[in-house]
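Notes follow the structure.
The values are calculated or read from the model by the stated rules, or taken from the named source; none is laboratory data. Everything numeric here is computed off the predicted structure, so don't read it as measured data. We place every Cβ from the backbone using ideal geometry, glycine too, and count neighbours over all the protein chains shown. For accessibility, only protein heavy atoms count, side chains too; no ligands or nucleic acids. Shrake-Rupley method; radii C 1.70, N 1.55, O 1.52, S 1.80 Å.
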Amino acid sequence: MPKKTIGILGGMGPEATADLFLKIIRATPARTDQEHIRVLIDNNPAIPDRTAAILGRGPDPVPLLTRTARLLEQWGADLIVIPCNTAHYFHDQVQASVHVPVLHIMKETAAFLRERYPGLSAVGVLATTGTVRTGLYQRFLGERGLHALVPDDEGQQEVMDCIYGEHGVKAGHTGPEVTERLVRVAQSLVARGAGAVIAGCTELPIVLHDGDLPVPVIDPTRILAEAAVRAALE
């Protein structure tokens with residue numbers, strides 16, 4: 001069966017990019033090497049930090065985001081995925097820069113939740129401050145009739161430290177101590193009524209997994225990978 005080529009606009013961060021690639025491989029119904037999907041990866045860590053830009057503390061990432069997207073299209077990508085939740089604040093600009101579809105991680109996650117958990121009403125969101133403040137998950141979950149719960153200021157700082165801190169995931173720390181810290185924050189959302197918790201930064205599913213909480217832990221990276229595979233096999 002002819003397959004489309006997936007382009008990964010990566011580097012935000014590199015381990016999250018590798019995580020998405022592996023999940024694309026695992027989501028592909030292949031029995032041989034030749035049955036897998038061609039995947040082009042531009043792991044471009046030079047793209048400026050998205051949260052810093054949103055908060056007015058860093059340079060605009062759009063020029064490098066769009067340049068990288070165009071390169072993937074020129075190389076032969078038939079669709080593009082971005083393994084960075086916060087970068088989806090700039091999704092419209094990236095989509096406008098290319099002619100191929102750029103899948104949207106929040107849209108895919110909200111659709112998945114509504115289909116998989118039809119009785120769900122409130123969802124916890126662990127994400128960067130940039131993602132939280134721009135209301136990306138709040139918007140797309142709301143369109144599906146789902147209420148988003150986010151941490152208080154102290155909990156949000158703890159999430160950011162688990163991602164960006166000296167002992168955070170971006171610094172290469174993926175041990176159980178990071179998981180334990182995130183679980184404590186997530187538990188506060190469950191106590192407020194969250195029936196599921198989204199690991200809404202692509203670094204978080206590396207350290208927070210389904211089974212770590214008494215409610216489902218939702219992995220948007222896996223959902224995006226599965227959506228990309230479906231699109232590539234259409």
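Does I8 count as in contact (Cβ under 8 Å) with a residue 24 or more places away in the chain, buried (at least 16 other Cβ atoms within 10 Å of the Cβ) and part of a loop (DSSP other than H, G, I, E, B)? Don't jump to the end; show me each part of the working.
Values: in contact (Cβ under 8 Å) with a residue 24 or more places away in the chain: yes; buried (at least 16 other Cβ atoms within 10 Å of the Cβ): yes; part of a loop (DSSP other than H, G, I, E, B): no.
No, not satisfied.
Restricting attention to helices (runs of 4 or more DSSP H) lying wholly within the stretch 123-234, give those where 2 or more residues are farther than 25 Å from A53 by Cβ. Spell out how you get there, then give the answer.
Numbers: elements: 129-134, 136-143, 153-164, 176-191, 220-233.
Result: 176-191, 220-233.
Looking at V102, V98, V123, V132, can you tell me which residue is open to solvent by less than 20 Å² (accessible area, probe 1.4 Å) and over 28 Å from G76 (Cβ atoms)? Spell out how you get there, then give the answer.
Details: V102 fails: over 28 Å from G76 (Cβ atoms); V98 fails: over 28 Å from G76 (Cβ atoms); V132 fails: open to solvent by less than 20 Å² (accessible area, probe 1.4 Å).
Only one candidate passes the filter, namely V123.
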Notebook entry, point to check: Can you name the number of the only condition in (1) more than 25 Å from I82 (Cα to Cα); (2) in contact with a helix residue (DSSP H, G or I) (Cβ under 9 Å, 6 or more places away or on another chain) that E180 fails?
Noted result: (2)
Check: When you look at V125, is it closer than 27 Å to R38 by Cα, of a type in the set (V, I, T), in contact with a strand residue (DSSP E or B) (Cβ under 7 Å, 6 or more places away or on another chain) and in contact (Cβ under 8 Å) with a residue 60 or more places away in the chain, yes or no?
Finding: no
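Could you tell me how many of the residues in the stretch 152-167 are under 18 Å from T179 (Cβ atoms) and over 18 Å from the mean Cα position of the chain (by Cα)?
Let us first name the residues in the stretch 152-167 that are under 18 Å from T179 (Cβ atoms), namely 155-167.
Still in the list and also over 18 Å from the mean Cα position of the chain (by Cα): 155, 157-158, 165-167.
Result for the stretch 152-167: 6.
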Item checked: Any helices (runs of 4 or more DSSP H) falling wholly within the stretch 11-81 and containing at least 3 residues that are within 16 Å of V102 (Cα to Cα), open to solvent by less than 30 Å² (accessible area, probe 1.4 Å) and at pLDDT 95 or above -> 14-27, 62-75
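Could you list all residues from the stretch 154-171 that are hydrophobic (A, V, I, L, M, F, W, C) and crowded, with 17+ Cβ neighbours inside 10 Å? If you could, list the steps in order and put the result at the bottom.
Taking the stretch 154-171 and keeping what is hydrophobic (A, V, I, L, M, F, W, C), we get 159-160, 162-163, 169, 171.
Of everything in the stretch 154-171, those that are hydrophobic (A, V, I, L, M, F, W, C) and crowded, with 17+ Cβ neighbours inside 10 Å turn out to be V159, M160, C162, I163, V169.
Look through V185, V150, V229 and report the one residue that is more than 17 Å from V132 (Cα to Cα), modelled with pLDDT of 95 or more, buried (at least 17 other Cβ atoms within 10 Å of the Cβ) and of a type in the set (V, I, T). If you could, list the steps in order and put the result at the bottom.
Details: V185 fails: more than 17 Å from V132 (Cα to Cα); V150 fails: more than 17 Å from V132 (Cα to Cα).
When all the criteria are applied, what remains is V229.
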Margin query: Among the listed residues T202, T174, T221, identify the single one that is open to solvent by 50 Å² or more (accessible area, probe 1.4 Å) and β-branched (V, I, T).
Written below: T174
Item checked: Selected residue [farther than 21 Å from E234 by Cβ and aliphatic (A, V, I, L, M)] from V100, V39, V125 -> V125
